[in-house]
Amino acid sequence: METHSYLPVPPGVGMEENFLSLDDILLSHERLPSRTECTFPRLGFLEKSSDSRDIQEGTKMEMPLFLAKGLYERKRRVVSVELPKVYKEGWRTVFNADPTVVDLHKMGPYYYGLGSQLLHFDSPENPEIAQAVLQTFIGRFRRTMDSSQNAYNEDTSALGIWFHLELKATGQKRND
Amino acid sequence: PTLCLYSVTTTNEAKSEGKSELIPTIKFRHCCLLRNQRCIAAYLYVSFFQRQETNWTEDGRVMLEWFNQYKKSLATFMRSLGGEEGLDITQDMKPPKSLYIEVRCLKDHGEFEIDDGTIILLKKNSQHFLPRWKCEQLIRQGVLEHIMS
């Protein structure tokens, strides 16, 4: 009888998610600033700020990625997603100038993953976002490799995880 | 289960009374149901594979085979329920009254790890205060006994 060794399901590559990957599940829990483009009857109880029975069209809310992805349609009848600050032009310029300077962890734990997932929402800035995420990865790659292999007396496991997340971005390049 | 019920009621209403404006709500709930299903599936995946790594004794192999069969049957069954959503039957059908429960250990079970990494030694007749959902399987197996005071 075979025994299977326990291999955790890795995160998906590029714009894909792996259904059973815990990393992807946590990633898709991240919230995105969004706006409803239609009414959601009887779900008013979710919206603390208003007493309405329904969620009105035009309500701004922070929606988790899984919900935004599930509801989004190309014809944009349902929900529209705004780019988080880190992926907007201002920050993209910063990353372009020097990607190694930014504290990526402070920007949210899933910069590369979330950046890739944002591409699902057909923003006109998609090519720029994809470029920015990719170039940031390339820019940081060498320093991350050095740090993870040469850390003296430091716990390298945290860096390893960080590196693993950063590796996701390479898959995205091949999808473009 | 409540979410599923709301979803089914709304869907029926939309279909029979032609209320198409309910569709966004249905989609919303559908997303949430799928989300729950995904989390449960991932949990089951992790818990079943981790079980195969623990220190089994002679009857461990039998247990292992049983687990594999159980896992397959459970997955098939859950998929077959409720159309495309499936339904998870390993959760309580009524909301549990408390998150933690008092349990007594009926037989030696060795070490048991709970979520924050703490290891509890399950020795016969020892009593513990543990998260309900973590104990459920062991209660079903007869290892733990729920003490209701």
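The values are calculated or read from the model by the stated rules, or taken from the named source; none is laboratory data. Note that the structure is predicted; figures quoted are calculated from it, not measured. Ideal geometry is used to build each Cβ from the backbone, glycine not excepted, and the neighbour counts take in all protein chains shown. Heads up: the accessible areas ignore ligands, DNA and RNA and are worked out on the full protein's heavy atoms, side chains in. Shrake-Rupley method; radii C 1.70, N 1.55, O 1.52, S 1.80 Å.
Among A:R92, A:R31, A:R35, which is the only one that is farther than 30 Å from B:I26 by Cα, touching a residue at least 24 places away in the same chain (Cβ under 8 Å), open to solvent by 20 Å² or more (accessible area, probe 1.4 Å) and among the basic types (K, R)?
A:R92
What single numbered condition from (1) within 20 Å of B:R35 (Cα to Cα); (2) in contact with an Asp or Glu (Cβ under 6 Å, 6 or more places away or on another chain) fails to hold for A:A68?
All conditions are met except number (2).
What pairs come out if I take residues in the range A:42-55 that are at positive phi and pair them with residues that are part of a loop (DSSP other than H, G, I, E, B) whose C-beta lies under 9 Å away, six or more apart or interchain?
Taking only residues 6 or more apart or on different chains, the pairs are A:R42/A:R53; A:R42/A:D54.
Suppose we keep only residues that are within 18 Å of the chain's Cα centre (by Cα) and facing chain B (nearest Cβ under 9 Å) within the range A:69-78. Which one would you say is nearest to A:D23 (Cα to Cα)?
In this case the residue turns out to be A:K69.
Assess whether A:P109 counts as being crowded, with 17+ Cβ neighbours inside 10 Å, in a loop (DSSP other than H, G, I, E, B) and either touching a Cys at 6+ places or on another chain (Cβ under 9 Å) or modelled with pLDDT under 90 (or both).
Spelling it out, it is not the case that A:P109 is crowded, with 17+ Cβ neighbours inside 10 Å, in a loop (DSSP other than H, G, I, E, B) and either touching a Cys at 6+ places or on another chain (Cβ under 9 Å) or modelled with pLDDT under 90 (or both).
Could you look through the range A:48-68, keep only residues that are open to solvent by 30 Å² or more (accessible area, probe 1.4 Å) and farther than 16 Å from B:L22 by Cβ, and pick out the one that is nearest to the other protein chains (Cβ to nearest Cβ)?
Among those that are open to solvent by 30 Å² or more (accessible area, probe 1.4 Å) and farther than 16 Å from B:L22 by Cβ, it is A:F66.
Regarding B:E102, is this residue part of a strand (DSSP E or B) and closer than 20 Å to B:F48 by Cβ?
no
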